[in-house]
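See structure below.
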Amino acid sequence: MQAPDDFTPVIQTRRALFNILEGQMRRGDDSDLKIGTGQVKTAVVEVDGYGGISQSDATAFVERTMRFGASRKRDTCTVTALDEEGFFQVIYSGRKSDFTIWVDTLTDPRYWLAFTLDRAEGFDRLLDRTAEGTKHFDRIWLWPQFLEREHFGGVVRGFGLWYDYNTYLSKLPGGFDDFGPSILKMQIWGGRGTWEFYEYLRQGYQDQVILSRILVKKRGEAQAYADENLSYAGKFVVKGNDFSLHHDTLNQLRTQYRKEISRVEAVGLGWTTLESGAHRLEGYAINIVPEGNFRIDVQAFKGYVFSGAKPFRLVGLPAEESKTRLVMDVVDLHMKTTMRFEIYPDLITIYLKKGQCGNSIARFYTNLQHYFGARFSVEADNGERFFDTAIDESISGAGERSQETPTGID
Amino acid sequence: MTNLFLGLAKGARRLRPASTRFSALRYEALVEEKVKVGPPDEHGNRRSIAPDLLLYSQQAENSLVLEYTRDSNPRRKNDQFNRYGMLNGSDLTNGRPYVPKKAAHSHDVTVVIPRRSLRSYEAYAKSEGHNFALLGCSPVRSSVSLSKAGSPFSVKEVDKIFSETTSLPEIPTGYFSFCQEEPDAKDLARKIGAHLIALLQEGVESVSIDEFCPACYALEWPIMGQELKQRVRKQTRVFLTAVQKTEIAKMHLLYRINAGSNSPAMWSIRNISEEPFNVQQSVWAHLFAMAKRPPQLELFD
């Protein structure tokens, strides 16, 4: 086991970590920070197969998972179980520097929390490599409607948009169409009126205004606050003076995300064996339905989405292929699983199997919007709708926007 | 055909509006190898039928017992149809309770046949006194046109749906991704290829044919009969063996680890996820090409 370097604080408990993270939050992005760029970053990640694992096997599981984050084969990944159950320190040692993250696997065995004070870009790369390397790890995928509706009891103070229809357009026989802007990427970081500006944009460019991040200010008692910069891949960069506010946000996010993914997984198709020995088919196919006049060019879609490249990371073997119908056995390179897809100009049908990860659908749907626009709804054959259902009002911050008073903290 | 009826029962979007009306009746889909019918013989044995699919609905108080055949001559199926003729509601609920009692209140044996044979089957059923509902189908690529004949369905709405629905343009494909009666080598090869790519992206120290198949045909495997499983298992082994002898083997991506032994075939599969993207693409392309022209089973027998 490699000893932490001089700059890595000795942390054995969650409380100790949270105290250090809160200290870093208070410093914001000051130059005197000792570790990395110093800002607190947290990612919520999705992990399958960890629930119910024994404590003795837990470290090996975390090691087996997180080692894929090492950037090169010669880099090392050292996982250390800390004093508290389900709490780990992971150090990636490279030639030039180390990268340290702390992983909390206990508070939700499926949706782990990863904390770091090192660089955000490195953190993203590490998480992406881990997701590519192992089938039981993925980032979470916050669809734009989630970011639009879920503000964790805070106030929106900024947003980022990411829409890139250009690559797909270049594959269309006719080239550019008349759907408006083919690229819309922007970031507004500001104070009051930010959300009104977002809503204004949405009115004008409903299909192209795709949220990729939000900045939410949460307030606690007295002057306590946390500025939560949340990306659609489930990564936070946090500033403020109260870590517990951020921790509440993490729990709210996980609750909402878990609820939606569970709903998707509940419609997974599979045969249930009855007492009689007969088998009954449970579940339903999931449909992603283009709305309005938008139609999918089946062949261009195939070439773009099923090339194996990012962001979709899907490859498919066609079973039937025509201009208006494409049936494919598709490999999800993230999850290392296969699914049957049917693509029509006005419909994408996915046959998710029972036991398969609903995160695949969230990833596909989220990326579909970033690269094709907000032109789709998701519905199972039984009529159940996903990803755009009303959020539990008890934890939504929607009602607070109009009550806010200026404080000068921004 | 199974995909068509499952799609109707499940409310498949592509089969609307027929599937909306049919799924509103809340039919559940059941697969059962054998249903005992008729009285026991002198040895106490009862005869049996093996429907291709059972659909039952407590809401409609009805069960549909589906049998598909391509045989144009119903006389050749006389014995089988006589057994279907013996079926009564209690056969579906007694002994091994296949369907809830309420759903066995009425039942319709539904014989699905090529459309061109509809008249001869209709005449046959009439002459033999079989109250079978008949559905004549003309599959053309992904679509099916339907004609109803024979006895009416017990449930008016079902009868109406099949009387009014003449064309179903796009049959869903995802419940059964290959034909259960005669699996097409290409359909199997595509599934094997896809599953192999998934494993190559992951890398597995060892996978036996007995582990590979249930995962590869995850949706279909639990309801496949032993004979079909053996057949599919064999085709899978042949395909993987063929893959193993190509460029994939030169790259040490897939190799037998128990060659020459009597135990079930077992392979080691290397992880390619860290290879450059173009290398991964060439491996996928190679497997796609093989899946398009799968090795013929008889060449390996």
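The numbers here are math on the coordinates, done by the rules we state, and not lab data. Bear in mind the structure is a predicted one, so any value in this text is a computation, not a measurement. Here the Cβ is made from the backbone with ideal geometry for all residues, glycine too, and neighbour counts use every protein chain on show.
Based on C-alpha pairs under 8 angstrom that are at least 6 apart in sequence, chain A has a relative contact order of 17 percent. Per residue of peptide A:268-275, the mean number of Cβ atoms on other chains within 10 Å of the residue Cβ is 4. Averaged over the residues of peptide A:132-138, the number of Cβ atoms from other protein chains lying within 10 Å of each residue's Cβ is 3. Across A:S276, A:S322, A:S182, mean-square fluctuation computed from a Gaussian network of chain A (C-alpha pairs under 10 Å connected) peaks at A:S276. At a Förster distance of 51 Å, what's the computed FRET efficiency of A:N166 paired with B:R46, Cβ-Cβ distance as r, to 0.05? Result of the calculation: an efficiency of 0.15.
Among the residues of B:7-16, the average count of other protein chain beta-carbon atoms within 10 Å of the residue beta-carbon is 5. In chain A, the longest principal axis of the Cα atoms and the axis of helix A:120-133 are about 50 degrees apart.
In what order do B:D210, A:D207, B:D52, B:D79 fall by count of nearby beta-carbon atoms within 10 Å, going from fewest to most? Numbers along the way, then the final one.
Working: B:D210 12, A:D207 20, B:D52 17, B:D79 9.
So the ranking, lowest neighbour count to highest, is B:D79, B:D210, B:D52, A:D207.
With a Förster radius of 41 Å, plug the Cβ-Cβ distance of B:C179 and A:T255 into 1/(1 + (r/R0)^6) and report the FRET value to the nearest 0.05. It would help to have the intermediate numbers written out before the result.
Numbers: r = 44 Å, r/R0 = 1.08.
The computed FRET efficiency comes out at 0.40.
Structural descriptor for the stretch A:213-279: relative contact order 20 percent, calculated from alpha carbon pairs under 8 angstrom and at least 6 residues apart. In this label model, B:K101 and A:S377 are separated by 4.2 nm, measuring between points 7 Å along each Cα→Cβ vector. Just report the Cα centroid separation between the stretch A:59-127 and the stretch B:222-265, whole Å. The two parts, judged by their Cα centres, are 37 Å apart. Counting only alpha carbon atoms, the long axis of helix A:194-204 and the longest principal axis of chain A meet at about 10°.
Which of A:P311, A:P173, A:P345 ends up with the largest GNM mean-square fluctuation for chain A, with Cα atoms connected below 10 Å? Of the options given, A:P173 has the highest mean-square fluctuation. Across the stretch A:60-191, the relative contact order, built from alpha-carbon pairs under 8 Å that are at least six residues apart, equals 16 percent.
Residue exposure proxy: A:I188, B:I192, ordered by other Cβ atoms within 10 angstrom of their Cβ from fewest to most, comes out as A:I188, B:I192. Helix A:243-266 and the longest principal axis of the Cα set of chain A meet at an angle near 20°. Bridgeable lysines around B:K101 (alpha carbons under 17 Å apart, same-chain partners fewer than 8 residues away excluded): B:K36.
Rounded, prolate or oblate for the stretch A:323-387? Axes are the square roots of the Cα gyration tensor eigenvalues, ordered a ≥ b ≥ c, and the cut-off for rounded is a/c under 1.5.
Verdict is rounded for the stretch A:323-387.
Here the stretch A:164-228 and the stretch A:231-263 have alpha carbon centers that stand 20 Å from each other.
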